[in-house]
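Working notes for the structure below.
The values are calculated or read from the model by the stated rules, or taken from the named source; none is laboratory data. Being a predicted model, the structure only gives us computed values, none of them experimental. Quick reminder, even Gly has a Cβ in these numbers, built from the backbone with ideal geometry, and neighbours come from all protein chains shown.
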Amino acid sequence: MVGSQDRWQDELFVACSLRELIPDDHILKRVNKVLDLSWLRSEVKGVYDEYQGRPSVDPGSAVRLMLAGFFQGIVHDRKLMREAQVNLAIRWFAGYKLHERLPDHSSLTRIRQRWGEERFKKIFQKTVEQCVKAGLVDGETVHVDATLIRADVSWESLGARHAEKVLEENSEEAPEPARRGRPPERESKPKKESRTDPDASLTTSCHSFHMEPSYKQHTAVDDKAGVVVDVAVTTGEQSEGEQLLDQMGRIEAVTGKKVETLTADAAYAHTSNYAALEKRGTDAIIPPQKETVREGRMPLSRFKYDAKHQVVRCPARKTLRRSGAAKNGWWYTAKAADCAMCAFRRRCFTEKLRRRKVLIVEGYDALLRARRRKQRWSHVEQERYQRHRWRVEGIHGEAKTQHGLRRAARRRLWNVAIQAYLTAAVMNLKRLAALLCLIFLAKLLRGKRFRGVRTCPERALIVDPTCAGIFRQAA
């Protein structure tokens, strides 16, 4: 017999709670067991007037609405509130009943403006602390990488910035004349910026791809379970290598653990980073960049640097001594008499010069040790670097494909930073919820059988591959 369904549902009462209408394996229902926002009200109390104005949206409910949107890849407030109108799981997760009116989408915008970037950063850090307490973070190995976030601007909004040229033309002082015998400096190409979002900058992650207005997210991921332990957003022009030491300090501050091993790609292979990591006692698995060789110049790698005696020896075994300080190191210069009779003169420097001069930057000896070590990487070191490639780059892929971080939802640096913090918090909460599920399954495997529940070890490991090792320890 073919069944039929009456589509008129005009019942005034529902004989069950809203919680019972949501499946037990729903992500919001699982995350609700591990999400703790009891500290939030006292944190944001200072930005509201205690005696004037109408009551605001509950801080916990506002954050839960934002997190629920990021769990489903909804990053725009209008779309989120339209979805919350009909989505029972989002209503229940945020604490709104069926007959209660949801806040307007503009309320979430004002909340972000009122709270500021630092309070959302603290929400993310609280999830990291929860992961540390749950045993998902050991701090032994941390993977660091950066990715680009496309800014929310159009190509039509880009324009050349001529501010320096305009100021120079309108200046009362005449420009300083060029020195005799020195060619005039080449005029720099005007820089482009967006009129709608000046914080975004043109950059690219690949030389074969065109430049786009973007922001840069610097991410650090713990190796044990893929927990995001640090997130920072800068303009696209910022070098990721210059952010490494600041990241290390933030990681150890929030986790309370010393980073034993750090992996990163060649973009972090700065001489100062190698020297600083050696001083900290951190094992740096970072492949050095290839040395740039100028035409008509013998590469610096052919010169031997003696850090103990602070001298440099050229391929002809002549000594170069310190001749002056540079911005980030020292200049070492050979004697003109030594270079005049040298057999390598034509291959070492151009005919216009009389002697060879090389720059030895601070920490150059650490870079030499890193190059020698790269040639002798063991199987363990190669495996850790391979884990870096899929662990942290997998986090970036997850954030962009599942949680809407491929493109910025709003403009200005602080807004993009809030989006990155909430995205990282969502991914950490997913791993906490997966751990809770795995612990429950581990109890079942220990002999605590419940009626109507059947499981096996093979199926239990499929729940979340990132926590499979934790599950095996619990079981």
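For segment 223-309, list the strands (runs of 3 or more DSSP E) that sit wholly inside it and hold at least 2 residues that are surrounded by 16 or more Cβ atoms within 10 Å (Cβ to Cβ) and of a type in the set (Ser, Thr, Tyr); which are they?
Details: elements: 228-235, 261-263, 283-285, 304-306.
Per the criteria, 228-235, 261-263.
Taking segment 323-334 as the search range and keeping residues that are under 15 Å from PHE303 (Cα atoms) and not hydroxyl-bearing (Ser, Thr, Tyr), which one is surrounded by the most Cβ atoms within 10 Å (Cβ to Cβ)? Let's see the steps before the verdict.
To start, the set of residues in segment 323-334 that are under 15 Å from PHE303 (Cα atoms) comprises 330-334.
After this cut, where a residue has to be not hydroxyl-bearing (Ser, Thr, Tyr) as well, the list is 330-331, 334.
Numbers: TRP330: 18, TRP331: 15, ALA334: 25.
By that ranking, first place goes to ALA334.
Hey, among the residues in segment 327-343 that are over 19 Å from LEU359 (Cα atoms) and not small (Gly, Ala, Ser), which one's modelled with the lowest pLDDT?
Within segment 327-343, the first condition is being over 19 Å from LEU359 (Cα atoms), and the residues that meet it are 337, 340-343.
If we keep only those that are not small (Gly, Ala, Ser) as well, we get 341-342.
On the way: MET341: 84, CYS342: 87.
It comes out as MET341.
Go through segment 20-58 and report how many residues are assigned to a loop (DSSP other than H, G, I, E, B), without any contact (Cβ under 8 Å) to a residue 60 or more places away in the chain and among the acidic types (Asp, Glu).
5
Need the failing condition index for LYS318 against (1) surrounded by 13 or more Cβ atoms within 10 Å (Cβ to Cβ); (2) touching a strand residue (DSSP E or B) at 6+ places or on another chain (Cβ under 9 Å), just the number.
Status for LYS318: all satisfied but (2).
Which of the numbered conditions does PHE349 fail, given that it passes all the others? Conditions: (1) farther than 30 Å from ALA225 by Cα; (2) among the hydrophobic types (A, V, I, L, M, F, W, C); (3) surrounded by fewer than 16 Cβ atoms within 10 Å (Cβ to Cβ).
The single condition PHE349 does not satisfy is (3).
One line per residue, one yes/no per condition, for (1) under 18 Å from the mean Cα position of the chain (by Cα); (2) farther than 19 Å from ILE251 by Cβ:
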position	(1), (2)
PHE71	no, yes
MET81	no, yes
ALA84	no, yes
PHE93	no, yes
ARG110	no, yes
LYS121	yes, no
VAL128	yes, no
GLU140	no, no
ASP145	yes, no
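Do we find a residue being in contact with a Pro (Cβ under 7 Å, 6 or more places away or on another chain) and among the charged types (D, E, K, R) anywhere in segment 48-65? Break it down stepwise before answering.
Initial filter on segment 48-65 (in contact with a Pro (Cβ under 7 Å, 6 or more places away or on another chain)): 57.
Keeping just the survivors that are among the charged types (D, E, K, R) gives none.
The answer is no, given that none of the residues of segment 48-65 is in contact with a Pro (Cβ under 7 Å, 6 or more places away or on another chain) and among the charged types (D, E, K, R).
Take VAL392 and decide whether it is of a type in the set (A, V, I, L, M), surrounded by 14 or more Cβ atoms within 10 Å (Cβ to Cβ) and at pLDDT 90 or above. Quick ask: steps written out before the conclusion?
Values: of a type in the set (A, V, I, L, M): yes; surrounded by 14 or more Cβ atoms within 10 Å (Cβ to Cβ): yes; at pLDDT 90 or above: yes.
In short, yes.
Determine whether LYS45 is surrounded by fewer than 20 Cβ atoms within 10 Å (Cβ to Cβ) and either farther than 20 Å from PHE124 by Cα or among the acidic types (Asp, Glu) (or both). Step through it out loud before you land on a result.
Values: surrounded by fewer than 20 Cβ atoms within 10 Å (Cβ to Cβ): yes; either farther than 20 Å from PHE124 by Cα or among the acidic types (Asp, Glu) (or both): no.
Considered against the rule, which asks whether it is surrounded by fewer than 20 Cβ atoms within 10 Å (Cβ to Cβ) and either farther than 20 Å from PHE124 by Cα or among the acidic types (Asp, Glu) (or both), LYS45 comes out as no.
Check ALA409, ALA337, ALA370 and return the single one that is surrounded by 15 or more Cβ atoms within 10 Å (Cβ to Cβ) and either β-branched (Val, Ile, Thr) or part of a helix (DSSP H, G or I) (or both). Give the steps one after another, and end with the answer.
Numbers: ALA409 fails: either β-branched (Val, Ile, Thr) or part of a helix (DSSP H, G or I) (or both); ALA337 fails: surrounded by 15 or more Cβ atoms within 10 Å (Cβ to Cβ).
None of the others qualify; the one that does is ALA370.
Of the residues that sit in segment 287-312 and are β-branched (Val, Ile, Thr) and not assigned by TED's automatic domain parsing to the domain that holds CYS342, which one is nearest to ARG373 (Cα to Cα)?
THR292
For residues that are in contact with a helix residue (DSSP H, G or I) (Cβ under 7 Å, 6 or more places away or on another chain) and either of a type in the set (Gly, Ala, Ser) or within 11 Å of CYS131 (Cβ to Cβ) (or both), tally how many sit in segment 419-429. Spell out the reasoning first.
Applying the first criterion (in contact with a helix residue (DSSP H, G or I) (Cβ under 7 Å, 6 or more places away or on another chain)) to segment 419-429 yields 421-429.
From what is left, the residues that are either of a type in the set (Gly, Ala, Ser) or within 11 Å of CYS131 (Cβ to Cβ) (or both) are 424-425, 427-429.
Residues flagged as in contact with a helix residue (DSSP H, G or I) (Cβ under 7 Å, 6 or more places away or on another chain) and either of a type in the set (Gly, Ala, Ser) or within 11 Å of CYS131 (Cβ to Cβ) (or both) within segment 419-429 amount to 5.
Which members of segment 256-281 meet the condition of being in contact with a strand residue (DSSP E or B) (Cβ under 8 Å, 6 or more places away or on another chain) and under 22 Å from TRP390 (Cβ atoms)?
The answer is VAL259, GLU260, THR261, LEU262, THR263, ALA264, ASP265, ALA267, TYR268.
Hey, can you tell me all the residues within segment 287-314 that are within 14 Å of LEU359 (Cα to Cα), free of Cβ contacts under 8 Å to residues at least 24 places away in the same chain and in contact with a helix residue (DSSP H, G or I) (Cβ under 7 Å, 6 or more places away or on another chain)?
Once the filter is applied, which keeps residues that are within 14 Å of LEU359 (Cα to Cα), free of Cβ contacts under 8 Å to residues at least 24 places away in the same chain and in contact with a helix residue (DSSP H, G or I) (Cβ under 7 Å, 6 or more places away or on another chain), segment 287-314 yields only GLU291.
Please give the number of the condition THR350 fails out of (1) among the β-branched types (Val, Ile, Thr); (2) part of a loop (DSSP other than H, G, I, E, B); (3) at pLDDT 85 or above.
Against the list (1) among the β-branched types (Val, Ile, Thr); (2) part of a loop (DSSP other than H, G, I, E, B); (3) at pLDDT 85 or above, THR350 comes up short only on (3).
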